[in-house]
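Here is the structure we will look at, set down as structure tokens.
The values are calculated or read from the model by the stated rules, or taken from the named source; none is laboratory data. Because the structure is predicted, anything quoted here is derived from the model rather than measured. Cβ placement follows ideal geometry from the backbone for every residue including glycine, while neighbour counts extend to all protein chains displayed.
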Amino acid sequence: MAFTHSILALSQVINATAHYRLDYPDLSLILALVRGGSLARASALLNVDVSTVFRAVRRLEAALGQQLFEKSRAGYLPTSLAQTLAEQAERAEQALEAARIGVEQGAEVISGTVRLTCTDSVLQGLLVPALAQFMPGYPALTIELSTSNDFANLSRRDADIALRMTRTPPEHLVGRCLAQVSYRVCASTAYLKSVDAEDLASLTWIAPDDFLPDHPTVAWRRQQLPGVTLSYRCNSMLSVTELARAGLGVAVLPDFLIGDGLQPLSEPLHGYDTALWLLTRPDCRALRSVVTLFDELGRILKRP
């Protein structure tokens, strides 16, 4: 359905431009109104007055012979034609920015969009600090981030790079193991003041729900503390971490999430460790933008 929609939109663009020659100011106008959603916000983005934007849109729609925006209480809603043109305008904008940076820096510029997927815990504990270290050096590189817990993103080509914690990555993907990840039982200092930390079974437990039935922390708890009743079930490890940090109970967490406010109650749980993998599809290795991001993440996140 999405593919058919894109073909129809592209056909509209071809037909619309058959008798009118679109130029960059036209695309800038459409992009500003799509981004702003109203004449006032579009005029601010373009640094012109509202009446100028209104007249320009009317003239462009007349020249194209098609409606670009629908006026509603929510503002100016783009038609499929306007949305397609806005996407093309964004690509042109990125190309111009890359060219400008290249001239200023006197070197070849890495540009383009790379789709990156990871879990929310990896995003918070590892990826964000890594991006902060090297991304300022790639101002023309755009990253689209999504969080999920499976490998389907790369298989469906919804992503170019994945950071995943697993012992056995899929064979159809290529990549490298960056680090071994261990787990420990931990809780906040405030919570530990009011309980007997030696009796783990008597503590208030926070853990993932059924969305991660094979997670190492779930396997450990079921084998070592089979009679424990969970007080909090969360659909992400990041949520588990935040509840534990808030003093609501005890949890088993990966070492990279045990930071300020949390105190380990055990040594690393032997036999329940996993690994952090940086993965991509074989066809992505020809894309300089993907290779650049892949190599930078490997350099920053690699641990002995």
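Here are the numbers:
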{"item": "Residue list for region 246-304, filter: of a type outside the set (Lys, Arg), over 30 Å from Trp220 (Cβ atoms) and part of a loop (DSSP other than H, G, I, E, B)", "result": "Leu287"}
{"item": "In region 286-304, residue surrounded by the fewest Cβ atoms within 10 Å (Cβ to Cβ) [restricted to those that are among the charged types (D, E, K, R) and touching a strand residue (DSSP E or B) at 6+ places or on another chain (Cβ under 6 Å)]", "result": "Arg303"}
{"item": "Number of the condition not met by Ala89 [criteria: (1) within 30 Å of Ile206 (Cα to Cα); (2) at pLDDT below 90]", "result": "(1)"}
{"item": "Failed item in (1) surrounded by fewer than 17 Cβ atoms within 10 Å (Cβ to Cβ); (2) modelled with pLDDT under 85; (3) more than 12 Å from the chain's Cα centre (by Cα), with Ser148 passing the rest", "result": "(3)"}
{"item": "Boolean, Ala32 is at pLDDT 85 or above and not acidic (Asp, Glu)", "result": "yes"}
{"item": "All helices (runs of 4 or more DSSP H) inside region 131-244 with 2 or more residues being under 21 Å from Pro268 (Cα atoms)", "result": "189-192, 216-224"}
{"item": "Selection status of Ser266, surrounded by 15 or more Cβ atoms within 10 Å (Cβ to Cβ) and not assigned by TED's automatic domain parsing to the domain that holds Leu163", "result": "no"}
{"item": "Candidates Phe54, Phe69 - the one that is in contact with a strand residue (DSSP E or B) (Cβ under 8 Å, 6 or more places away or on another chain) and among the aromatic types (Phe, Trp, Tyr)", "result": "Phe69"}
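Yes or no, residue by residue, for (1) crowded, with 19+ Cβ neighbours inside 10 Å; (2) touching a residue at least 40 places away in the same chain (Cβ under 8 Å):
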{"residue": "Ala159", "(1), (2)": "yes, yes"}
{"residue": "Cys177", "(1), (2)": "no, yes"}
{"residue": "Gln180", "(1), (2)": "no, yes"}
{"residue": "Leu200", "(1), (2)": "no, yes"}
{"residue": "Leu203", "(1), (2)": "yes, yes"}
{"residue": "Ala207", "(1), (2)": "yes, yes"}
{"residue": "Arg221", "(1), (2)": "yes, no"}
{"residue": "Leu225", "(1), (2)": "no, no"}
{"residue": "Ser231", "(1), (2)": "no, no"}
